[in-house]
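Shown next, in structure tokens, is the structure this report addresses.
What follows draws every value from the coordinates through simple rules; no lab data is involved. Keep in mind that this is a model prediction, so the values were computed, not measured. Cβ coordinates were reconstructed from backbone atoms using ideal geometry, including for glycine residues, and neighbour counts include every protein chain displayed.
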Amino acid sequence: MDESYPPFMESYKHLFDNHEWSKKSENGVSHDVEEFELPLIDLGRLEQGGREGEDCKREIAQASRKWGFFQVINHGVSSDILEKMRCEQVKAFKKTYCEKAGNHRDLNFPAGSYRWGTPSATCLRQLAWSEAFHVPLTDISNMGGLTILRTTMEQFANMVSDLAETLAEILAEELGHKSNFFKENCLPSTCYLRMNRYPPCPVSPQVFGLMPHTDSDFLTILHQDQIGGLQLVKDGKWIAVKPNKEALIINIGDLFQAWSNGVYKSVEHRVVANRQTERFSTAFFFCPSYDTVIQSCIENSIYKRFSFREFRQQVQDDVKRLGYKVGLPSTRARQHS
């Protein structure tokens, strides 16, 4: 066994022992899910201005309404940085599990950054067959030493932060709402980087790499490898996302759906584990401070006003009580019995 992999089978033996393998997987995961390409948007058109620039903005808003996901090229994040990011995170994940769990001096990640599995899982469908380094942007500079990993993370974070702010402002503008809301509330001190590895899973498709969920932020920017495994719900069906090595994937989070009064969609998605091949990705989460109040920029909101802190707490309470996230339905202004 690869010593860099977390001890999934040993630590979650009780879940595997209690699972009835003779039944069809309760996850409903299928390798026969049809593969689609996400809407592809060339952000280079924004610099052209005029009609090209306006058409580009409309396409961003349209994809956010209809898909909740899209991919972008000419996004301003250099291919060199993306390749370095992948190489450096692979090196970090290739450390032994004991080194990662003990935050070995060669890694220098902030305490509590390393995560794997799902400690709260009560059944296999809640177990995530993955590991991650989850790092607040402001903690990157405190990682110690001018390591290649640290400097690469800083460069990547700066570039995707600018991209996220640009996209958020475009989406607000397309709703007829120009303001400094995102510039004032989504700061380096409130955003996160998450580096993910999905090890080969011998019990796929019984177990997810990441269980179905929506993101609890405004926007997520994802850089993934070419292995595939990301799936999302479109028109009531799960579809597989075809990887594009030139593109970054953007998805709308819960906060943007609430802020846009349901115009932009925070879509359920998941990662299906691969039996033979490990998968890597890096996600940037565009978040506000916990004290930021989320309310619709449109009158007659379908959601109650809530702070990001209240929303995060609600999510944690739901996971603890139910085993899964409820999310935005719990914030609807008018509850019907």
For region 11-293, what is the percent of antiparallel DSSP beta bridges, rounded to the nearest 5? 85
Output the relative contact order of the chain, whole-number percent, from Cα pairs under 8 angstrom with separation of 6+ residues. 20
Once phi is turned into ³J(HN,Hα) by the Karplus curve 6.51 cos²θ - 1.76 cosθ + 1.60 with θ = phi - 60°, what whole-Hz value does each residue of region 176-191 show in order, with x for glycine and proline? x, 10, 9, 7, 9, 3, 6, 5, 7, 10, 9, 10, x, 6, 10, 9
Distance violations [Cα-Cα > 24 Å] among 100/242; 57/178; 91/325: 100/242; 91/325
Can you tell me which lysines have their Cα less than 17 Å from the Cα of residue 237? Leave out same-chain residues fewer than eight positions away. 66, 265
Mean residue ellipticity (222 nm) of the chain, computed from DSSP H runs ≥ 4 via -39,500 (n - 2.57), nearest 500: -9500 deg cm²/dmol
Length gained, residue 35-residue 332, 0.36 nm per residue minus C-alpha separation, equals 103.6 nm
Connecting every pair of Cα atoms under 10 Å apart in the chain and solving the GNM, the largest mean-square fluctuation among 292, 118, 277 falls on 277
Which trypsin sites (Lys or Arg not before Pro) from region 205-294 combine a DSSP loop assignment with at most 11 other Cβ atoms within 10 Å? 245, 275
